[in-house]
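Read the figures in this text as sums done on the coordinates, not as results from a lab. Treat the numbers as computed from the prediction; the structure is a model and nothing was measured. Note: ideal-geometry Cβ built from the backbone for every residue, glycine included; neighbour counts use all protein chains shown.
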Amino acid sequence: MLARPRYGVTLATLLAIWAAVPALGAEPSASQILKRALDLNSGIVDYTARARAEFHAPEGADVPEGQRSMVFDFRVLFKRPNQVKIEANQPVMLPRQLFAFGNLGTTIAREGRVSLVGKRVVDGVPIYNVQVAPPEGTEGAKMLFWIHGAKWTVLRMKMPASGGNQQSFELDIAWTYARVQGYYVPTRISVSLPGMMFGPNVWGQGRASLTMTDWRINVGLKDSVFAR
Amino acid sequence: MLALVRIELSKLYRRRGTYVSFACLAALVLLVAVPISCYKEKVDHSLRDELSSGMGDDWVVGGKVLAGPFVPRVMLFWPMRKLVVNILLALFAAMAGGSAIAGEYSAGTLRTILTRPPARWKVFVAKFVVMAIYAASLAIFFGLFAFIVGYALFGRGALVFADMPADMGSGPRPMGAPIIQEGAAVQMLGQAYLLMGVSIIAAMSLALFVSSFTSHPLTAAGAALGILLLSTIVGTLGSAPKEIEFLAFFRTIRPYLLTTHMNLYEIPLARGLDQAARVALTSSAGWLAGYCAAFFAGGLLVFRRRDILC
Amino acid sequence: MEPVIECQGLTKRYGSLLAVDHVDLAVGRGEVFGFLGPNGAGKSTTIRMLLGLIRPDAGRALLFGQSVAAGQRRVLKRVGALVESPALYDYLSGRKNLEILSDMSGGCPRKRIDEVLELVGLSGRQKDRVGTYSHGMRQRLGLAQALLPKPELLVLDEPATGLDPEGIVEIRNLLRYLGESEQMTIFVSSHLLHEVQATCTDVGLLSRGRLVTRGRVADLLRQGHLEATIGIDDAARGREVLRSLPFVLAVESEDSALRVRVEAERLADANRALVAAGLAVSALVPRQGNLEELYMSVMTEAGHACSSAD
């Protein structure tokens, strides 16, 4: 019971951001880089995919026995703007933002203060470090993105967070992609879960991940599919 | 000794009355499970609401939320489990334990068997063992039947269930329902039902002890049940908030009551068997073992010296 | 030879009531011993102490020199007992009851169960539940369970209670057979004095917890007074002669004969006196005494204000 909200919030935060990935030419500004990342999959109206969500609590975490390690296999159906359906033979509960492209990213891009804080070239391709700070006059955490300079995919993100015990820690999220029907879609999103999320004396590392395969994009899903 | 145990088992399971308790438990499971099956969709929606309780529309709930493990879990729904374990199962155990000696005493059959060579302590031990088997089999049957009915009606799947914390009354829950995967749910519920068997053995031990010095099975069962209910009432008073000062005495004795530790089967339901749960479980199991040993020793002492007048 | 049953100062008290009062009794091998006394005299308490069902307050109750109360229960393998009304498991068949009780004694061949069922005439009903048996059939089954281990000592407490006349005769014949052919020692308490007289070699009379008489039936019946009918040519003179004799206790005319009551062993002296007085004695017929008279006489002497054996 304790694990679920943390697990969900973690995935919600990190995966909502995968959509914030630009696609652009040479040496753009920080805002342009972020916009390209966000617009990367704007051509996707709907999709279906097979998915597996995993959650493994860190050693020593105060988590009920049955929820220490969980694996959910399911099929996800998405249609813009925000309709998500999960089909599984077991209950699955996940943040909507995990599957809805761009919403959170758009918010960040529109309202945050974006700055380019670094650049590194790997195999001849630039990897941009973009920092998004909360809008002027508001409090909040700064997020750091690593964005691929050729594919405009978000490769990694770091963000500070705090647990229920007021301990602060840093979430580190990584994406891998595959090209499907001309789009770069995420095939794996993984996040390491610091022990401090679960208690002051938990030093182990937990992890959560979402693997998505068998992508079918723009298949023409009807709204009735999503009716409850 | 094994021959005596076999004889006592044969006597117990050849008596039609023995199966009344099993039939009652089966009926109880069906009474709960069949309506759930009839209103499957409503229950399904309600469980989805439970899952996303307090999370708004930001969360998507999907997949099968009503599956086999739901039935054995709902049988242990608070406060129903209090009624089932502390009253119904305790009643069956008290009646069986009560009739084991007092019943045979009043029917005169104790006189017949005690004119045979086996020592009285062996007869008592055999009765205790068989009654313990019976008590445990009640809980195991209850759990197994609930699983069978659950899987027959709803098939395989994980468990979604939000219980009311015992000390919260009818207030709101702080969180939504947890999702417990099928394997973990089966394990957790299996542990709970097995531990319930341990609780019922303790209740039966009390009844067998009372039975060793009473002359009628109903007297023995009634007295044992009365003690259990009294203990439950005292325990309930003892769990009242600390602000109610005049209940301080009950708070003091609550940790030592038989019925307090008979609740050990609730431990895996709340947390699974993690480290903290194991500590709590070991403590309660130790108390129950102590109670059982005391009832056993007391009963044996009385039974060995008792004059068979009937 | 060591007695099969031996009571030494056997005493049992229930509160202020002295149920068995320092009873000393020995029953030898091969005896068919009738244990008599009114209700509440302490017969059943004595039997229960012998079998270890009741703990004596003082004294010892030994079977084959062993005290069951002191834990020497193996001796019960040599004993078959039916204490008061037969108490059996109503929900089991007659045969299953015997199998269970046989197993409690270490088991016996299934053929033996067939034999005892045949012996008590229950072969045809052996598979029926005992709950469907008549009182007489239960009594027979109780007897069968007592005979099951081929005992050297058979202890029966009111075995003929509830039996029809035919059943009583069967029990009488069975006890005779067991005593004579099987050389079994039989200790039987009964209200049916004529049955005891017809069956038993020895009797003991218990009154208010005390053993007031014990001996061979034939000897006891010869003790005290003897009645006889005397055929004589001059009844009037004969009556005068007899009344003058100090050992003649009573003389009555009966048609042309006389009916006299003399002290035991003095009938020949009475005959001698009549002949010496020149009277012609044509017949001298001693009347056989009976247990009922002895019982009443002893009980009256013991101060028991009862009018019958029950």
* Measuring from label point to label point, each 7 Å out along Cα→Cβ, what is the residue C:22 to residue C:233 span in nm? -> 5.9 nm
* Prolate/oblate/rounded call for the protein assembly as shown, Cα gyration tensor, a/c under 1.5 rounded -> prolate
* Asked: Shape of region B:177-310 from its Cα gyration tensor (a ≥ b ≥ c, root eigenvalues): rounded if a/c is under 1.5, otherwise prolate when a/b > b/c, or oblate?
  -> oblate
* Asked: Once amide H atoms are built 1.01 Å from N in the peptide plane, which residues 5 or more positions from residue C:82, or in another chain, come under 5 Å H to H?
  -> C:155, C:156, C:157
* Asked: Given H placed on each backbone N at 1.01 Å, which residues far from residue A:178 in sequence or on other chains put an amide H within less than 5 Å of it?
  -> A:185, A:187
* Just C:151, C:109, C:56 to compare: in a GNM of chain C, with alpha carbon springs under 10 Å, which one fluctuates most? -> C:109
* Asked: How many Lys pairs in region C:1-156 lie less than 17 angstrom apart by Cα atoms, where the lysines are 8 or more positions apart or on different chains?
  -> 6
* To do: Among B:154, C:64, rank each residue by its count of other Cβ atoms within 10 Å, from fewest to most, as a rough exposure measure.
  => C:64, B:154
* Structure fact -> Plugging the Cβ-Cβ distance of residue A:62 and residue A:119 into 1/(1 + (r/R0)^6) at R0 = 41 Å yields, to the nearest 0.05, a FRET efficiency of 0.50
* **Cβ-based exposure ranking for C:194, A:56, in which fewest neighbours within 10 Å come first** => C:194, A:56
* Structure fact -> antiparallel share of DSSP beta bridges within chain C, to nearest 5, in %, is 70 percent
* FRET efficiency for residue C:281 and residue C:198, Cβ-Cβ distance as r, R0 = 41 Å, nearest 0.05? -> 0.80
* Per-residue Cβ neighbour rank within 10 angstrom, fewest leading, C:45, C:161, A:213, B:115 -> A:213, C:161, C:45, B:115
* For region B:245-250, in order, what is each residue's ³J(HN,Hα) by Karplus, 6.51 cos²θ - 1.76 cosθ + 1.60 with θ = phi - 60°, in whole Hz (x at glycine and Pro)? -> 5, 5, 9, 4, 4, 5
* **region B:1-58-region C:53-116 distance, computed between alpha-carbon centres (Å)** => 43 Å
* Structure fact -> In a Gaussian network model of chain C with springs linking alpha carbons closer than 10 Å, the residue among C:137, C:49, C:104 that fluctuates most is C:104
* Amide H neighbours of residue B:310 under 5 Å, counting only residues 5+ apart in sequence or on other chains, H built in-plane at 1.01 Å? -> none
* Structure fact -> Proximal lysine pairs in region B:2-305, meaning Cα under 22 Å and 8 or more positions apart or interchain, come to 4
* Asked: What is the spin-label model distance, in nm, from residue C:90 to residue A:156 if the labels are put 7 Å beyond Cα along the C-beta direction?
  -> 8.3 nm
* Using the Karplus curve 6.51 cos²θ - 1.76 cosθ + 1.60 with θ = phi - 60°, work out ³J(HN,Hα) for each residue of region C:191-208 in order, rounded to whole Hz, and write x for Gly and Pro. => 8, 8, 5, 5, 5, 4, 4, 6, 10, 8, 8, 9, 9, x, 10, 10, 9, 6
* Mind listing the phi-derived Karplus ³J(HN,Hα) values for region C:11-25, rounded to whole Hz, using 6.51, -1.76 and 1.60 with θ = phi - 60°, and x for any glycine or proline? -> 9, 9, 10, 10, x, 8, 8, 8, 6, 10, 10, 6, 7, 10, 7
* Structure fact -> Projected onto the charge dipole of region B:2-305 (unit charges on the beta-carbon of Lys, Arg, Asp and Glu, signs +1, +1, -1, -1), the Cα from B:87, B:178, B:18 with the largest positive-side position is that of B:18
* To do: Set the Förster distance to 60 Å, then compute FRET efficiency between residue C:134 and residue C:249 from the Cβ-Cβ distance, nearest 0.05.
  => 0.80
* Structure fact -> Under the 7 Å Cα-to-Cβ spin-label approximation, residue B:87 and residue B:13 lie apart by a distance in nanometres of 3.1 nm
